[in-house]
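Novice: Submitted below is the structure of interest, expressed as structure tokens.
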Amino acid sequence: MMTTLAYVVAYLGLVFFLIACVARFMMWSKMPMHVRWELYPVAHEGGGKAAYGGSYLEETDWWTKKREVSLVGELKVMVPEILFLVALREHNKKLWTRSFPFHFGLYLVGGVTALMLVGGLIVGYLPESIAAPVGKIISSVVPFLGGAGLVLGIIGAVGLFLRRRGRALRDYTAPADLFNLIFFIAAFGVALVTFIGFDRDFSMVETFIVNLVTFNLAPIGDGTGGMLLTLSAVLLALLVAYIPTTHMSHFIGKYFAYHSIRWSDEPNLAGGSQEKTIHELLSRPVTWSAPHIKADGKKSWLDVTLEDDDNETT
Amino acid sequence: MKQPDSVKDMGRRPGEPLAQINQFEQIPLPPPFDKLEDEPEFAQLSDSAREKYVVLDDTIAVNIEKPTTKEEEEKLVNGFLSGLEKLFSVEDNWTFLQPFEMSMEHCAKCHTCSDACPIYEESGENELYRPVYRSEILRRIYFKYIKKASPSLHGDIDLNWETVARLIELSYRCNLCRRCAQTCPIGADNGLLSREIRKIASMEMGIVPKELHDDGSVLQLKVGSSTGMTPMIVKDNIEFIDEDTAERTGYPIETPFDVQGADILLIHNAGEIMAWPENPGAFATLFEAAGLSWTLSSDVIGYDGINYGVWYDDVQFARVAVRHAQVAKKLGVKKIVLGECGHAHKALTVIADKVLTGDLNIPRESAIVTMRDILRSGAIKIDKSRNDFPVTLHDPCNMVRLMGIVSPQREIIHEVVPEGRFREMAPHGVENYCCGGGSGFAIMSGHNFQDWRHRMTGRRKFRQILDAFQDESMDPSHMKYLCAPCSNCKGQIRDIITYYDAFEKAGIYYGGLVELIVNAMEDVQPGFIDWEWH
């Protein structure tokens, strides 16, 4: 009964996570075009310009030339940033010593879970001749990576919690910020206790995940070990569902913060595709109330922009 | 040093300044200005000003009168909330909706940005000037009073007229240099939030510093320039500048006006014509010597590239940008070239990029790039030895961090300054520090605001300038050139050099980039840079 509950919560948690992430992604991607607000260096600037923060605006008659955009340049910044939080290391080393283990721990736990899901699919749906060796490889790396991930995640979360309680950040910390970290510590802590005390080879977890992907809701483990496994599965599933509903969804937002804002330097060339969108946005009504705006809720941006020059003072 | 204990103090301690700086506790400057006791005395706010206007700290930028009735108090609070809601509307704020929401939602309040802020650092890390302090107040007001979320989710804040008035005042304690945003590990932009607070104040409540609005964008739209110069006056002034420049250089010039079909419409910051006539004179000399097809415009607004809306009001911004484009369209030029003015560069090239369409979408280019190409072309003969003095370069934030124009100015300096004479500031390029006059501060001087910006916003730049010349003799007879290719930056730098008497005491002189080029031109008489303090 308890294990069935864990399966159900895990399914719900994963589904909710996916739906919430897609919804977040859609929310950011559907936002209207905004004015350019880039910040240099822009990683995809080609011709060696990204290295010193240069842009195509350094070129004479830049609008007549082909822009050099380097995907490799973007990846050279993005991949180390995602994996090692390079910007934080450069600008706030103290915080990085806490945030990096936390995030890397999450990556390891997430990666190990994904690995076990893939393993589960292979074991569940592929012939024994393929499933057995693959399963063996996965089983051999999972305990090490999973254990390391849990330990790093807990160390990082405790470090972040203490830092948030410290003098500098205390005033900027809401109870929810502390709750988020406690939630991580609790979920990872129970998983770590389960691993150390009852599931050293991650076999129970692996079975649980294989069962998840094969829709086999069979009970796993018994006694304290089984109970702890159930508890950690429930906590982790709830945590996974909770993340995208909070500002911890910044892993989605950050993509847009870079690609749609900081690095968004695509020029609006005369006669190009952006002009139609801009025209549509300039046709939107303005309701700002200050007298000099001269808006009445019906006039558009274009109307108020082209108002006569008899501009009012405040 | 007095500072707030908490974000919540914003609506508490009625009538009391939340922060005060003790000038004798500031970090000393490099030699020869390293004795705090020798620095000018920090002018204090008058009692009458403290009585009449909302008090935040040691100075006043916006002049928000204290409300005298309950209705006036409610008007401030309700106006602010109404404006804040509009910032989340596609209709009213499509211009910045995504960057704004991103910064409202995803700031982790980790304080990484604090160390990047020169104002926070030079204040002795006063909490009031922490970049996240003001944005945290804005976030809490939004989540608690508009979204009606529990304070346990996003933090608590009292909302009263004083919270609102102080927050608006506090939005004018930021240079909008966006150095903080550059260091944010998530991509939040607390500098932008300062600008969005200014927008609420201006676009919804009609509250804005007089220098930016009444004497700034309104005057520009009305008569053509925030300097008050009408087309006729501009033409007269330029004629005088041409004569004066020709006398100095021995190279006759006549600045072309309103040339139909010219390749280039050059738009200066009109402040150059008033305060630094050698700059437009040098441009005319260089462009004529290079044989460019160019013109100035004598149409209203066509001769003043400033656009103060970029600091506080999207509609005022759009009005000025469109008129600049209309002037260029009327002349039928191939491109607009922006003179040495950082915010004019960013306003018309980058921000207006998503405003100008159709036949108003006329290409815009930086004069720095145009000048670099003149030198590359070999059209001008250069004698570097005429610039045989120490030179350092100030990077205007708007051109560099916010546009990525980094290399051309250095290439120019390499071409016109002898080897070993140029030294970079540390840091420089896209990591530069603001001059301290950014976001309108260079033209704001009510009450003791000028003193405040010298002490707080410009101090880091002055420190950098002194550091850059530390390997040189600081004897005033040993002249040193600070190149600042931006009109507003020059205004701020002029003021700070004057404040510390750095020309008389240390021989630090300043000027633009084009002046360095003309000073090295073989075809003109030597001595274009006159080393006289104007």
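The numbers here are math on the coordinates, done by the rules we state, and not lab data. Remember, predicted model here, so these are calculated numbers, not experimental data. Using ideal geometry, Cβ is built from the backbone for each residue, glycine included, and neighbour counts are taken over all protein chains shown.
Novice: Does segment A:63-81 hold any residues that are in a helix (DSSP H, G or I) and of a type in the set (S, T, N, Q), and which are they?
Specialist: A:64
To keep it simple, each residue is scored yes or no on (1) away from chain A (no Cβ under 11 Å); (2) aromatic (Phe, Trp, Tyr); (3) surrounded by 24 or more Cβ atoms within 10 Å (Cβ to Cβ); (4) in a helix (DSSP H, G or I).
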| site | (1), (2), (3), (4) |
| --- | --- |
| B:103 | no, no, yes, yes |
| B:143 | no, yes, no, yes |
| B:159 | yes, no, no, no |
| B:188 | no, no, yes, no |
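Novice: Quick check on my filter: what residues within segment A:267-305 are hydrophobic (A, V, I, L, M, F, W, C) and either at the interface with chain B (Cβ under 7 Å from one of its Cβ atoms) or assigned to a helix (DSSP H, G or I) (or both)?
Specialist: A:270, A:278, A:281, A:282, A:286, A:288, A:290, A:293, A:301, A:302, A:304 - these are the residues of segment A:267-305 that are hydrophobic (A, V, I, L, M, F, W, C) and either at the interface with chain B (Cβ under 7 Å from one of its Cβ atoms) or assigned to a helix (DSSP H, G or I) (or both).
Novice: A follow-up question, please. What are the pairs, 6+ residues apart or on separate chains, where a residue within segment B:312-334 that is touching a residue at least 12 places away in the same chain (Cβ under 8 Å) has its Cβ under 9 Å from a residue that is surrounded by fewer than 24 Cβ atoms within 10 Å (Cβ to Cβ) and of a type in the set (Phe, Trp, Tyr)?
Specialist: B:314/A:301; B:314/B:96; B:315/A:301; B:318/A:301; B:333/B:294
Novice: Looking only at segment B:477-534, filter to residues that are part of a loop (DSSP other than H, G, I, E, B) and β-branched (Val, Ile, Thr); which one of those is farthest from residue B:425 (Cα to Cα)?
Specialist: Of everything passing the filter in segment B:477-534, B:524 is farthest from residue B:425 (Cα to Cα).
Novice: Also, I was wondering about something else. Hey, could you check segment B:8-45 for residues that are under 28 Å from the mean Cα position of the chain (by Cα) and closer than 16 Å to residue B:169 by Cβ and say which is nearest to the other protein chains (Cβ to nearest Cβ)?
Specialist: B:10
Novice: Please enumerate the residues belonging to segment B:264-320 that are among the acidic types (Asp, Glu), within 13 Å of another protein chain (Cβ to nearest Cβ) and crowded, with 23+ Cβ neighbours inside 10 Å.
Specialist: B:313, B:314 - these are the residues of segment B:264-320 that are among the acidic types (Asp, Glu), within 13 Å of another protein chain (Cβ to nearest Cβ) and crowded, with 23+ Cβ neighbours inside 10 Å.
Novice: Scan segment B:72-91 for residues that are touching a residue at least 40 places away in the same chain (Cβ under 8 Å) and within 8 Å of chain A (Cβ to nearest Cβ) and report the count.
Specialist: Selection size over segment B:72-91: 4.
Novice: Another one. Any residue at all in segment A:253-264 that's in a loop (DSSP other than H, G, I, E, B) and more than 8 Å from chain B (Cβ to nearest Cβ)?
Specialist: So far as segment A:253-264 goes, yes, one or more of its residues are in a loop (DSSP other than H, G, I, E, B) and more than 8 Å from chain B (Cβ to nearest Cβ).
Novice: Hey, could you check segment B:166-186 for residues that are part of a helix (DSSP H, G or I) and within 8 Å of chain A (Cβ to nearest Cβ) and say which is farthest from the chain's Cα centre (by Cα)?
Specialist: B:183
Novice: What are the residues in segment B:110-136 that are outside any helix (DSSP H, G or I), over 21 Å from the mean Cα position of the chain (by Cα) and surrounded by 22 or more Cβ atoms within 10 Å (Cβ to Cβ), if any?
Specialist: Listed by number, the residues that qualify are B:110, B:112, B:126.
Here is a yes/no grid of residues against (1) touching a Leu at 6+ places or on another chain (Cβ under 7 Å); (2) exposed (fewer than 13 other Cβ atoms within 10 Å of the Cβ):
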position	(1), (2)
B:5	no, yes
B:13	no, no
B:30	yes, no
B:44	no, no
B:70	no, yes
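Novice: What helices (runs of 4 or more DSSP H) completely inside segment B:322-417 contain at least 3 residues that are within 14 Å of chain A (Cβ to nearest Cβ) and in contact with a helix residue (DSSP H, G or I) (Cβ under 6 Å, 6 or more places away or on another chain)?
Specialist: So the answer is B:367-377, B:407-416.
Novice: Limited to segment A:82-104, what total is found for residues that are over 13 Å from residue A:161 (Cα atoms), hydrophobic (A, V, I, L, M, F, W, C) and either more than 10 Å from every other protein chain (Cβ to nearest Cβ) or not in a helix (DSSP H, G or I) (or both)?
Specialist: Selection size over segment A:82-104: 6.
Novice: Also: Of everything in segment A:2-50, what is at positive phi and without any contact (Cβ under 8 Å) to a residue 12 or more places away in the chain? Give them in sequence order.
Specialist: Scanning segment A:2-50 gives a single hit, A:48.
Novice: So, restricting to helices (runs of 4 or more DSSP H) that lie completely within segment A:154-217, which ones have at least 2 residues that are within 14 Å of another protein chain (Cβ to nearest Cβ) and of a type in the set (A, V, I, L, M)?
Specialist: Here the list reads A:167-170, A:175-198.
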